[in-house]
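Readers should treat all values here as calculations from the given coordinates under stated rules, not as data from a laboratory. As the structure is a computational prediction, the values presented were derived from the model and not from experiment. Don't worry about glycine lacking a Cβ; one is built from the backbone with ideal geometry, like all the others, and counts go over all protein chains shown.
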Amino acid sequence: MTKLKVYHYDKCGTCRNAIKWLRGAGHELELIPIVQQPPTADELLELIAKSGLESKKFFNVSGEVYKEMGLKDKLADLDEQERANLLASNGKLIKRPVVTDGRRVTLGFKPELYEQSWGTEEADL
């Protein structure tokens with residue numbers, strides 16, 4: 001199995017479940033604490049591009065920081081670079097976990113998505 005980089009928050013149950021699932025599937029994990037070491041804006045732009053998702057999907061919309069900053073009404077007015085800069089400024093703004101093998105990226109934890117992306121040897125081809 002491949003080595004995966006996992007940006008996570010140790011107090012997050014979703015992150016703990018994802019890590020348990022990935023380890024159970026036989027992956028070696030490089031765990032990166034997303035609050036203490038958030039990805040840089042450039043890293044985020046690369047992760048966003050590889051994920052195939054819109055940059056606004058990378059925001060933790062249920063988080064306190066997102067709500068306190070009133071970002072729901074502000075995101076539409078920001079360009080990709082501004083969104084990446086904002087995400088890089090506070091790891092709690094980033095939806096987690098973020099998992100990558102350097103080619104693909106998944107966001108959050110849904111077992112069916114993980115099975116498709118990280119569950120079989122064929123996914124490594």
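A few points about this structure:
- Mean-position separation - Cα centroids, the stretch 61-95 and the stretch 26-44, in angstrom: 18 Å
- In the chain, helical runs assigned H by DSSP with n ≥ 4 each contribute -39500 (n - 2.57); averaged across all residues and rounded to the nearest 500, the mean residue ellipticity at 222 nm is -10500 deg cm²/dmol.
- Label zone of residue 14 (point 7 Å out along Cα→Cβ, amide N under 19 Å): in the stretch 63-79 this covers 63-73, 75.
- Whole-Hz Karplus values for the stretch 85-101 come out as 4, 5, 4, 5, 6, 7, x, 6, 7, 8, 4, 9, x, 9, 10, 9, 10 Hz, taken residue by residue from phi with 6.51 cos²θ - 1.76 cosθ + 1.60 and θ = phi - 60°; glycine and proline positions read x.
- Applying 1/(1 + (r/R0)^6) with R0 = 22 Å to the Cβ-Cβ distance of residue 115 and residue 3 gives a FRET efficiency near 0.70.
- Counting other Cβ atoms within 10 Å as a rough exposure proxy, the listed residues 48, 94 run 48, 94 from fewest neighbours to most.
- Amide hydrogen neighbours beyond the local backbone of residue 59, cut-off 5 Å, H modeled: 95
- Computed about its Cα centre, the charge dipole of the stretch 3-124 is approximately 460 debye, with only Lys, Arg, Asp and Glu carrying charge at their Cβ.
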